1. Given the structure, is G255 under 30 Å from V177 (Cβ atoms), buried (at least 18 other Cβ atoms within 10 Å of the Cβ) and small (G, A, S)?
2. Are any residues in the stretch 223-245 more than 30 Å from P287 (Cα to Cα) and surrounded by 12 or more Cβ atoms within 10 Å (Cβ to Cβ), and if so, which ones?
3. Sort through D138, D143 and tell me the only one that's part of a loop (DSSP other than H, G, I, E, B) and more than 9 Å from the ligand (Cβ to nearest atom).
4. Applying the selection to the stretch 135-148, what residues are more than 18 Å from P119 (Cα to Cα), touching a residue at least 60 places away in the same chain (Cβ under 8 Å) and not polar (S, T, N, Q)?
5. With S84, S109, S161, S148 as the choices, which residue is away from the ligand (no atom under 13 Å from the Cβ) and buried (at least 24 other Cβ atoms within 10 Å of the Cβ)?
6. If I filter the stretch 192-200 for residues that are part of a helix (DSSP H, G or I), more than 15 Å from the ligand (Cβ to nearest atom), closer than 30 Å to F81 by Cα and modelled with pLDDT of 95 or more, do I get at least one hit?
7. Which of the residues spanning the stretch 114-127 are more than 10 Å from the ligand (Cβ to nearest atom) and closer than 18 Å to L91 by Cβ?
Amino acid sequence: MIGDATSAGDDSLRRGVVSRLSGQVGWPGVRHAGDAMRFPRTPDAVTDRINTRTYRARRVVRYYGSTSGWLDTGERVAMEFACSLGAGPPLLDIGVGGGRTVPLLQAISAEYVGIDYVPEMIEVARERFPGVDLCVMDARQLDFPDASFGFAAFTFNGLDSVSEQGRSIILSEVRRVLRPGGVFVFSALNHHGAVDRVLLTPPKPDSWQRPRRLARWSMQQLQTVMNLQRMRRLVREEADASIRPVRAHAGGLIGRYTSLARQCDELVRHGFKVAACLDPQGMPADPGGNHSTFAHFHYVARTDS
Ligand SMILES: C[S@@+](CC[C@H](N)C(=O)[O-])C[C@H]1O[C@@H](n2cnc3c(N)ncnc32)[C@H](O)[C@@H]1O
């Protein structure tokens, strides 16, 4: 527990959040609900168009609005470890989605702010958690003063939803809004993981007796094939990173996959110290080990105190 449940929080920060709720915020091209989303043809914009379209889809918003609890043991252990480092409030929850992490992170800090660049996600999260400080904002343009948070989180591989350039901007922005000694916890897709390499899945054994389930599975496979076709020009493979469709949501997201070593280098380049890298079971990841069975890793990074 890093926060004081009775603490009133930093007034200037809170005023800032309230003013953002009424104003237009976000990265150019990302608009409030109801606005048509139009993007220029830069790599960032193409990635944004694909990923925000999927994140805005009703079934996807409904999915994130129904999840609860820790993603896996690794996420819980990463948060506990971050707390043990003495990360202080307030806490910034980036890419809050439908609110899965709201109660988990509020239990760590009562001074809590959640943001997401998809207005529909924020809408659902607000319905689930009325009164919680939640607003539409893009992580590439954090509308907070320097050094205003002690703890930042970007869970469930949300960081992998933006282009390489966007990712670098997000890391710089998180670094900027964290106080000296602040902690950043996030997960990132593993380039060497085998699971997301297979996007088409066999039907469940009993599907042949359940026509609706079979129809749903067939639609999902078709959608996946269409998405793979749509994204084929964006796919990039390097030795320690790749850009390719993500298995979730019928391959409707294009993600950046990074090796453990490259992710650690990236953190250091952006002024962080790597405090821990954990596999989904919460075990410290062995830098020289075989990483093929891990879909993602959890990272705990610190700014200099
Ligand atoms: C995989 S979902 C995870 C949602 C939630 N954190 C959870 O763990 O259930 C990733 C979330 O990150 C958000 N996201 C991705 N890129 C973002 C950005 N640049 N700024 C703000 N939110 C972003 C997406 O809209 C989505 O809601």
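1. Working: under 30 Å from V177 (Cβ atoms): yes; buried (at least 18 other Cβ atoms within 10 Å of the Cβ): yes; small (G, A, S): yes.
The answer is yes for G255.
2. Q223, T224, V225, M226, N227, L228, R230, M231
3. Working: D138 fails: more than 9 Å from the ligand (Cβ to nearest atom).
Checking each option against the conditions leaves just D143.
4. Across the stretch 135-148, the qualifying residues are F144, P145.
5. Only one candidate qualifies: S109.
6. No.
7. R126
Here's the yes/no breakdown for (1) within 16 Å of the ligand (Cβ to nearest atom); (2) touching a residue at least 12 places away in the same chain (Cβ under 8 Å); (3) touching a Pro at 6+ places or on another chain (Cβ under 8 Å):
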position	(1), (2), (3)
Q229	no, no, no
H249	yes, yes, no
Q263	no, yes, no
V268	no, no, no
C277	no, yes, yes
H291	no, yes, no
H298	yes, yes, yes
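The values are calculated or read from the model by the stated rules, or taken from the named source; none is laboratory data. Note that this is a predicted model, so its numbers are computed, not measured. When we count neighbours, we look across all protein chains shown, and the Cβ atoms used for this are built from the backbone with ideal geometry, even at glycine.
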